[in-house]
1. Please go through the stretch 21-67 and pick out each residue that is more than 28 Å from K3 (Cβ to Cβ) and of a type in the set (F, W, Y).
2. Can G28 be described as touching a helix residue (DSSP H, G or I) at 6+ places or on another chain (Cβ under 9 Å) and exposed (fewer than 10 other Cβ atoms within 10 Å of the Cβ)?
Amino acid sequence: MPKLKTHSGVKKRFKLTASGKVKHGVAGKRHRLISHKGKYIRQNRGADVLAKPDADRVKLWIPYGLD
């Protein structure tokens, strides 16, 4: 059987923790931030962990994990 390919969008948007959880950045923080309030920008710093049902779906798109 040929190898499965990782979904290119998942490589750019998610990271795996050591325990196998899926981390993600917050949407809406790439550009045009002048139109957002400072509170919004501050509260959405850093990364968050996906909920288990969503993480299970994302893991289908990374058959061999992320390195």
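Bear in mind that the values in this text are calculations on the coordinates, not laboratory data. In this text, all values refer to a predicted model and were calculated from it rather than measured experimentally. FYI the Cβ positions are ideal-geometry reconstructions off the backbone, even for glycines, and counts take in every protein chain you see.
1. Y40, the sole residue that qualifies.
2. Values: touching a helix residue (DSSP H, G or I) at 6+ places or on another chain (Cβ under 9 Å): yes; exposed (fewer than 10 other Cβ atoms within 10 Å of the Cβ): no.
Answer is no for this residue.
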